[in-house]
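The values are calculated or read from the model by the stated rules, or taken from the named source; none is laboratory data. In this text, all values refer to a predicted model and were calculated from it rather than measured experimentally. All Cβ positions, glycine included, derive from the backbone under ideal geometry; neighbour counts span all protein chains shown. Side chains included, ligands, DNA and RNA excluded: accessible areas come from the protein's heavy atoms. Shrake-Rupley method; radii C 1.70, N 1.55, O 1.52, S 1.80 Å.
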Amino acid sequence: MNKTAVFVLSFWLSVLITFQAIAQLQSPDEFLGYELGERWTLHHQVLGYVKHVAEESEYVTIHHYGTTNQHRELVYLIVTNPQNHANIEVIRLNNLRMTGLESGEPTANRKGIVWLSYNIHGNETSSSEAAMRTLHELVRPDNPGPKAWLDNTVVIMDPMVNPDGRDRYVNWFNQMLGAEPNPDIRAREHHEPWPGGRSNHYLFDLNRDWAWQIQQESQYRYKIYREWFPHIHVDYHEQGYDAPYYFAPAAEPFHKAITSWQREFQTMIGENHIRYFDEENWLYLTKERFDLFYPSYGDTWPTFHGSIGMTYEMPGHSLAGLTINTPYGGTLTLAQRLLQHHVTGMSTIETASRNSERMVREFQQFFDDARNNPSGQYKTFVVKADNNSDNIYHLLSYLDTKQVRYGTSGSARNANGFNYSTGETGRVSLQPDDILISVYQPQGNIVRVFFEPNPELVDSVTYDITAWEAHYRFGLDGYALDTRINPNYNISAADYRQLVFTGSETPYAYILRWESMDDARFLAQITKDGVNTRFSNVPFEIDNMPFGRGSLVIPRHINRHLGDRFDSLVRAAADEHQRSLHGATSGYVASGSDFGSANLRFISHPKVAVLMGQGTSSLNAGEIWHYFDRQLGYPATLIHAEQIMRADLNTFNVLVLPSGSYHNILTDEAIEKISAWARSGGTLIVFGQANSLLAGRDGFLLEQKTEDNSDAQPTFEELLQQHGDSERRSASSRTPGSIYKATMDYTHPLAFGYNEHYFSLKSDAAAYNYLDGGVNVGTSRGDAHISGFAGYKAKALLENTLNFGVQPFGDGQVVYFIDNPLFRGFWENGKLLMANAVFLVRTKRDEL
């Protein structure tokens, strides 16, 4: 056969193979049986399509990485050329070796890695539709341009981060839909009911959970993220239907840990988007609204891992439905929304591929600098060894999941540093066992972000909270040092989790100190198991061992109903929660009150109800639900708020009111019903905005504090201020998330387990006066502001105000949580306050 014949045969064979590949690989429209944008695609359908592509294309592999609370599968796709797939493990390990988190030297096989995350907010639905189109366009055989990008680029696609929330929204919408979608904004299909589809099963905003990883979706995702460390990460969103498309560069403030390269390259990516958007005459927005400061977003969290982290916001959201009339004339359709998300996805990959070598080089430099020349004022962070061991354990366990290294001081020394407890800088003393976290390590930027006492905020107009420091979050004393001290890497989290049993094996009573949330979990478990427990209202000493207020005493006498199971139930719970029990042989104490004293109060088994639904904050309701369900491990009955007048509350002894407006829900009649229930012996726990609905009402001692402007007259300068500065002026009355030092009355059961001070995360400037007649358990005295942004008017208003209070209410109690101790589930040191409110703030002694 001559060369010409061979060439012709080879040509037609390649055409035949391409034709067969096209025939086997279906487009989304062909696979689904409808055109993308015509209707919503449910999770199982999206999953079906991406599995089809992975089966039919040698460019794609699919990987399971977890399941949601509602048992929906979470997957990610790896999209690259077949040669890269054959060496994918080498590529992945090379990338990790550049970070210094994997041993060994990287070889020359280095590829750019782009990660695209779709639909983290369930009711921002267009991005999962766009994911299917982008996937198909990248790999279809008759589209050689995008496949060329995959020669030097690995694309990771998570097609649906929050399937529980998305299916909640889509299923609701489909029930509202008639024969044709209605673009009129007044139509019911544009107004989703509480709680909406934005959040996950437990009503958490997953785009506030990237760093804290309270939710299982976040935990699963980060395990995979750590295996890759992409160079670019895109988080897809939607905003108001009348807004333009938003893409990078981001708005100020940028966190100071963000490098000049990360600023530069996100601008380069944005400029490539602009080229496509200008060609289509699409409106867009950059450099406004969406900043890069709060660390737990889908743009900032990857950024602090060396990536170019970006948020893309398409107009739409749940209000847009499948189609909606716009203020500019015409309609905005789902098809248009998914198209623009598709375009920015392809543009991002294109830019990454064209700049792959520099992108990889700068990524490696990011980690080289972290190890050898880290940024920021503070170089070493200290956690005192004499802190509560449970709190240390949880901090170190958290750092372990982030690949942050830590060790001990190894010797006593003095240094200059910032004292987290006092908020002052001066000479501090380190002991040999004090724990050190150095910024000189691969994850040094994460260390800086977590531990920096008061990160510099260059613009007060910011999108989220501005303080989150780890010492305050976990309830730990320590320092931030300007100097570098190399730790001795000789400890692990497990070293602070040593279970020790002392005393009698068959004691008169078991005793457990009450100091942490782990103690509360132990109590929750034995209470569910039917064990009766008392707690001490006073400190005591027995068997030469001191026990503080709140310590649990579990006498054998009041648990006779359990028979032989008593010891096994208590000991099993201690083993599970790693609690160190003491078995006392007598009820007689050396100091304090004997175990039969009225100072040891019986813990009546809480029967908890939580109002949820229309009128409540879905986020706060979700925090409370998740707290009981997954953190404390104690049952709570969730009651629709609108059912309050029909619900029989008499079978409950604890009622929780989440924050919320309760519009047309907490009427005068409803509040009187709740009041009567509390007066009869119930514990009413009130969060956030719900406090304002009770303040000033008959019987409630809570009073809101307002600015004293009665005699103040505005100056001419104030009257003539420019309109363009109004947003910045309004910031003077806000505190969008700052840390305040609360002085605690640790003699009251609500504060048992705490010391004199508690650092509270304050998410708004709602101010309440001290209780006159109740117990002011946590108070902000004088200027108690510690960290984060608080406007000068807000700071003045919050001086000498209530953080947490308890009011006797007939035979019951009202617990006022002005500050939210469960905020986003990540403020670890606040969680014991809620357990105290549920178990220890009792109204009757209920002695057996």
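In whole Å, how far is the Cα centre of region 601-656 from that of region 258-336?
39
How are the C-alpha pair distances of region 429-557 spread across 5 Å bins, as whole percents from the shortest bin up?
The percentages, shortest bin first, are 2, 7, 12, 15, 14, 11, 10, 11, 9, 6, 2, 1, 0.
For Gln26 and Ala796 in the same chain, what is the full-extension length gain: residue separation times 0.36 nm, less their Cα-Cα distance, in nm?
Length difference between fully extended and current span is 270.9 nm.
Run the Debye formula on the Cα coordinates of region 760-814, all scatterers equal and no solvent, and tell me log10 I(q)/I(0) at q = 0.13, 0.20, 0.22 1/Å.
-0.35, -0.71, -0.81
With Cβ to Cβ distances under 15 Å as the rule, what net charge do the other residues near Asp167 carry (K, R +1; D, E -1)?
Working: positive: Arg39, Arg72, Arg166, Arg168, Arg198; negative: Glu73, Glu124, Glu129, Asp164, Glu192, Glu217.
Every neighbour counted, the sum reads -1.
Would you mind listing how long the chain runs along its three principal axes, going by Cα atoms, in whole Å with the largest first?
Rounded to whole Å, the extents work out to 106, 68, 63 Å.
Put Arg824, Arg198 in order of accessible area, largest first, 1.4 Å probe: what do you get?
So the residues, ranked largest to smallest area, are Arg198, Arg824.
Could you order peptides 794-806, 602-614 by the average number of other Cβ atoms within 10 Å of their residues, highest first?
794-806, 602-614
Where the eigenvalues come from the Cα gyration tensor of region 627-703, what are the semi-axes √(5λ) of the equivalent ellipsoid, largest first, in whole Å?
Details: eigenvalues 81, 43, 35 Å².
Values for region 627-703, descending: 20, 15, 13 Å.
Taking the Cα atoms of region 436-512, what is the range of coordinates along each of the three principal axes, in descending order and whole Å?
Between the extreme Cα coordinates on each principal axis of region 436-512 lie 62, 33, 19 Å.
Taking N as the number of residues in region 494-650, what value does Rg over Cα atoms divided by 2.2 N^0.38 Å take?
Normalised Rg, Cα atoms only: 1.19.
Taking Rh as the Kirkwood radius, which is the inverse of the mean 1/r over Cα pairs, what is the Rg/Rh value for region 483-583? Don't skip to the answer; put the middle values down first.
Working: Rg = 15.9 Å, Rh = 14.8 Å.
With Rh from the inverse mean 1/r over Cα pairs, Rg/Rh is 1.08.
Name the aspartates and glutamates eligible as straight-distance cross-link partners of Lys831: C-alpha to C-alpha under 16 Å, and not fewer than 8 places from it in the same chain.
Here the aspartates and glutamates satisfying the reach criterion relative to Lys831 are Asp390, Glu515, Asp518, Asp519, Glu623, Asp629, Asp819.
Per the Kirkwood definition applied to all pairs of different Cα atoms, how many angstroms is the hydrodynamic radius of region 249-370?
The Cα-based Kirkwood calculation yields 15.9 Å.
Can you pull a Stokes-Einstein diffusion coefficient for region 604-649 at 20 °C (1.002 mPa s), Rh from Kirkwood over Cα pairs, as a whole number of µm²/s?
In µm²/s, the coefficient rounds to 191.
What lysines does Lys223 reach when the alpha-carbon gap must be under 24 Å and sequence neighbours fewer than 8 apart in one chain are set aside?
Within the straight-line cut-off, Lys223 pairs with Lys51, Lys111, Lys402.
Can you list, bin by bin at 5 Å, the percent of alpha carbon pairs in region 51-132, starting at 0?
3, 12, 16, 20, 18, 14, 11, 4, 1
Considering region 156-256, what Rg and Dmax in Å follow from its alpha-carbon atoms?
Expressed in Å, the Cα Rg and Dmax of region 156-256 come to 16.8, 53.
Which value, in nm² and rounded to one decimal, describes the direction-averaged projected area of the C-alpha convex hull of region 44-189? Write out the running numbers ahead of the final one.
Numbers: hull surface 45.8 nm².
Mean shadow area of the hull around the Cα atoms is 11.4 nm².
Kindly give the semi-axes, whole Å and largest first, of the ellipsoid equivalent to region 296-347, taking each as the square root of 5 times a Cα gyration tensor eigenvalue.
In descending order, the three semi-axes are 29, 12, 8 Å.
Determine the calculated [θ] at 222 nm for the chain from helices alone, applying -39500 (n - 2.57) to every DSSP H run no shorter than 4 residues and normalising by the residue count; nearest 500 deg cm²/dmol.
Computed ellipticity for the chain at 222 nm equals -9500 deg cm²/dmol.
For the Cα atoms of the chain, what angle does the longest principal axis make with the long axis of helix 163-176, in degrees from 0 to 90, nearest 10?
Between the helix axis and the principal axis of the chain, the angle is about 80 degrees.
May I ask you to rank Tyr770, Tyr792 by accessible area, largest first, using a 1.4 Å probe over the protein chains only? Could the numbers behind the result be given before it?
Details: Tyr770 90, Tyr792 155 Å².
From most exposed to least exposed: Tyr792, Tyr770.
Where both partners of a DSSP beta bridge lie in the chain, what percent of those bridges are antiparallel, to the nearest 5?
Counting only bridges with both partners in the chain, antiparallel ones make up about 65 percent.
Between Rg and the Kirkwood Rh of region 245-308, both from Cα atoms, what is the Rg to Rh ratio?
Radius of gyration relative to Kirkwood radius: 1.00.
With no solvent and one equal point scatterer per Cα, compute the Debye intensity ratio I(q)/I(0) for region 372-488 at 0.20 Å⁻¹ and report its log10, rounded to two decimals.
-1.13
For helix 3-24, what angle does its Cα long axis make with the longest principal axis of the chain, in degrees from 0 to 90 and rounded to 10?
Value to nearest ten degrees: 40.
Over region 560-655, what number does the Rg to Rh ratio reach, with both radii from the alpha-carbon atoms and Rh per Kirkwood?
1.10
If only Cα atoms are counted, what is the Rg of region 725-848, and what is its Dmax, in Å?
Expressed in Å, the Cα Rg and Dmax of region 725-848 come to 15.5, 65.
Hey, which aspartates and glutamates would be in cross-link range of Lys384, C-alpha to C-alpha under 15 Å, not counting anything within fewer than 8 residues on its own chain?
The reachable aspartates and glutamates, counting only those whose Cα sits under 15 Å from Lys384, are Asp433, Asp434, Asp477, Asp495.
Compute the helix-to-body angle for 517-528: its Cα long axis versus the longest principal axis of the chain, expressed 0 to 90° and rounded to tens.
Taking the Cα atoms of the chain, the angle to 517-528 is about 80 degrees.
How much of the DSSP bridge set in region 36-191 is antiparallel, in percent, rounded to the nearest 5? Each step should come with its number before you reach the end.
Numbers: 10 of 16 bridges.
Beta bridges within region 36-191, antiparallel portion: roughly 60 percent.
Counting each pair of different Cα atoms once, what's the Kirkwood radius of region 312-414 in Å, rounded to one decimal?
Here the Kirkwood hydrodynamic radius works out to 19.6 Å.
Working from the pairwise distances between different alpha carbons, so that the mean of 1/r is found and then inverted, what is region 624-669's Kirkwood radius in Å?
After inverting the pairwise mean of 1/r, the radius is 12.2 Å.
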